[in-house]
Amino acid sequence: MPLTAAVAVAVAAGLDLAVAEPPARVHPVALLGRLLSHADRSWSHPRLVGVALAGLVPLGFAGLAAGVVAAGATLSPWGGALLAGLVLFSTTSLRMLLDAVREVTRAAETDLDAAREALRALAGRDASTLDAAHVRSAAVESAAENLADGLVAPLAAFAVCAPVSVPLAAAAAAWVKGVNTLDSMFGYRTNPVGWAPARLDDAVMWLPARLAAALLAVAVAEFSLPLSPRVRTLAHRPPSPNSGWPMATMAAVLPARLVKPGVYDLDPASDAADTRLPTTADAMQAVRVTNRAGLLAFALAGVVAWS
């Protein structure tokens with residue numbers, strides 16, 4: 001029933017706006033993370049462990065979501081829609097992301113140590129030596145990247161599967177979130193367990209990253225921006241095959257340089273010296289643009305789910 005799928009998207013969007021996140025003690029993704037933390041140790045065959053985790057964990061998370069929604073739908077289609085909305089709410093995040101970026105940006109003005117500490121909620125990099133401008137850059141980069149993996153990816157999975165069934169759509173969103181959670185926890189070059197989760201996440205995020213870049217461009221009415229030669233060049237500078245697309249688009253939208261020292265420098269001008277690192281005003285503009293792009297993502301998912 002297409003209307004129930006669209007209602008589920010509306011429920012997720014409304015809950016995100018109203019409460020941002022479920023409480024950590026009952027948040028399904030937080031519970032999954034705590035469960036997976038037991039696998040973060042030395043293994044005799046770490047790559048095989050990683051393959052097993054990548055194959056089984058997202059599938060189990062998806063099966064749980066599908067079962068909950070299907071059980072609700074047997075009682076009432078609207079009960080299924082409500083539960084699907086709760087699943088989608090648990091697998092997406094917009095308001096909390098934007099609140100975290102605002103917190104880092106404001107702290108960078110008055111308390112750099114506090115800003116560096118707050119940045120840990122957004123970016124897994126060593127911020128101990130970053131100045132205020134580089135802290136703001138990291139926050140802006142995280143806003144763009146997390147728009148893709150924390151919102152667009154599960155929404156897209158839900159919307160694509162919704163015309164088939166609402167339980168399947170909920171399962172798809174949960175599966176994507178399971179993949180992303182595994183990558184976040186284990187997908188580091190220094191962790192051999194993370195090889196398979198990272199490769200799977202690269203494949204899953206290929207389309208959502210580029211869709212997020214397109215939404216950022218639409219949010220500022222620069223529709224062809226992700227296809228511009230400069231953005232396409234910058235998108236390939238980060239080592240990830242996907243994260244560079246929304247980050248490069250954001251750099252061009254502001255415009256401002258987004259820099260991870262020693263890793264990449266996304267300078268929207270041909271001469272990096274001509275472009276500043278993000279100011280406080282730039283970072284706040286990034287929050288507004290990301291918010292508009294996120295609301296567009298919810299709206300697009302609702303329309304596709306209803307079709």
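Nearest 10 degrees, 0 to 90: what angle lies between the long axis of helix 132-147 and the longest principal axis of the chain (Cα atoms)? So the inclination is approximately 30 degrees. For the residues Ala217, Ala114, Ala252, a GNM of the chain with alpha-carbon springs under 10 Å puts the largest fluctuation on Ala114. Loop-located GluC sites (Glu not before Pro) in the range 123-223 (DSSP state not H, G, I, E or B) with no more than 16 neighbouring Cβ atoms inside 10 Å: Glu222. Shape analysis of the range 101-188 places it in the prolate category; the axes a ≥ b ≥ c from the Cα gyration tensor give an a/c of at least 1.5, with a/b above b/c. Is the range 138-194 rounded, prolate or oblate when judged by the Cα gyration tensor, a ≥ b ≥ c being the square roots of its eigenvalues, rounded requiring a/c under 1.5 and prolate requiring a/b larger than b/c? Note, shape of the range 138-194 comes out oblate.
When only Cα pairs below 8 angstrom with a gap of at least 6 residues are kept, the range 1-306 shows a relative contact order of 25 percent.
Over the range 28-71, accessible surface divided per residue gives 59 Å², non-protein components excluded, 1.4 Å probe.
Using only the Cα atoms of the range 169-307, build the gyration tensor, take square roots of its eigenvalues as a ≥ b ≥ c, and label the shape rounded, prolate or oblate: rounded if a/c is under 1.5, else prolate if a/b is larger than b/c, else oblate.
Values: a/c = 2.08, a/b = 1.18, b/c = 1.76.
Oblate is the answer for the range 169-307, as a/c is 1.5 or above yet b/c matches or exceeds a/b.
Each of Leu119, Ala24, Leu35 was placed along the dipole of the chain (beta-carbon charges, centred on the mean Cα), and the one lying farthest toward the positive end is Leu35.
For the range 216-221, backbone phi angles converted through the Karplus equation (6.51, -1.76, 1.60; θ = phi - 60°) give residue-by-residue couplings of 4, 5, 5, 4, 10, 6 Hz, Gly and Pro being listed as x. Compute the acute angle (0 to 90°) between the alpha-carbon long axis of helix 195-204 and the principal axis of greatest extent of the alpha-carbon atoms of the chain; round to the nearest 10°. Value to nearest ten degrees: 80. In the chain, the portion of solvent-accessible area held by carbon and sulfur atoms comes to 64 percent [1.4 Å probe, whole percent, DNA, RNA and ligands not counted]. Calculate the spin-label point distance for Ser76 paired with Ser228, positioning each point 7 Å from the Cα along the beta-carbon direction, and give it in nanometres. Taking the simple label geometry, Ser228 and Ser76 are separated by 5.0 nm. Between the residues Leu59, Leu83, Ala248, the greatest Cα displacement towards the positive end of the dipole of the chain, with unit charges on the Cβ of Lys, Arg, Asp and Glu, is found for Leu59. When the helices of the chain are scored as -39500 (n - 2.57) per DSSP H run of n ≥ 4 and the total is divided over every residue, the value at 222 nm lands at -22500 deg cm²/dmol.
Using a simple spin-label model with pseudo-atoms 7 Å out from Cα toward Cβ, Ala299 and Val218 lie 0.8 nm apart.
Between the listed residues Leu182, Ala214, Ala144, the Cα displaced farthest toward the positive end of the dipole of the chain, a dipole computed from Cβ unit charges relative to the Cα centre, is found at Leu182.
Treat every Asp and Glu Cβ in the range 1-116 as -1 and every Lys and Arg Cβ as +1, leave all other atoms uncharged, and give the resulting dipole magnitude about the Cα centre to the nearest 20 debye. The partial results should precede the final answer.
Numbers: 8 positive and 8 negative charges, 72 e Å.
It comes to approximately 340 debye.
Listed options for Kirkwood radius over Cα pairs in Å are [x] 20.1; [y] 21.4; [z] 19.6. The value calculated from this structure is the one marked [z].
Run the dipole for the chain about the Cα centre, Lys and Arg Cβ at +1, Asp and Glu Cβ at -1, nothing else charged, and hand back the magnitude in debye, nearest 20.
Working: 23 positive and 23 negative charges, 99 e Å.
Here the size comes out at about 480 debye.
Ignoring ligands, DNA and RNA, what accessible area per residue does the range 212-307 give at 1.4 Å, in Å²?
On the way: 4110 Å² over 96 residues.
With the other protein chains kept in place, the range 212-307 gives 43 Å² per residue.
Mean-square fluctuation check for the chain, GNM, Cα pairs under 10 Å: which of Thr92, Thr74, Thr233 is largest? Among Thr92, Thr74, Thr233, the largest GNM mean-square fluctuation belongs to Thr74.
Angle of helix 280-306 to the longest C-alpha principal axis of the chain, folded into 0 to 90 degrees and rounded to 10: 30°.
The values are calculated or read from the model by the stated rules, or taken from the named source; none is laboratory data. The model shown is predicted, which means the values in this text are computed figures rather than measured ones. Here Cβ is always computed from backbone atoms with ideal geometry, including for glycine, and neighbour counts include all displayed protein chains. Protein only, heavy atoms only, side chains kept; ligands, DNA and RNA dropped before computing areas. Shrake-Rupley method; radii C 1.70, N 1.55, O 1.52, S 1.80 Å.
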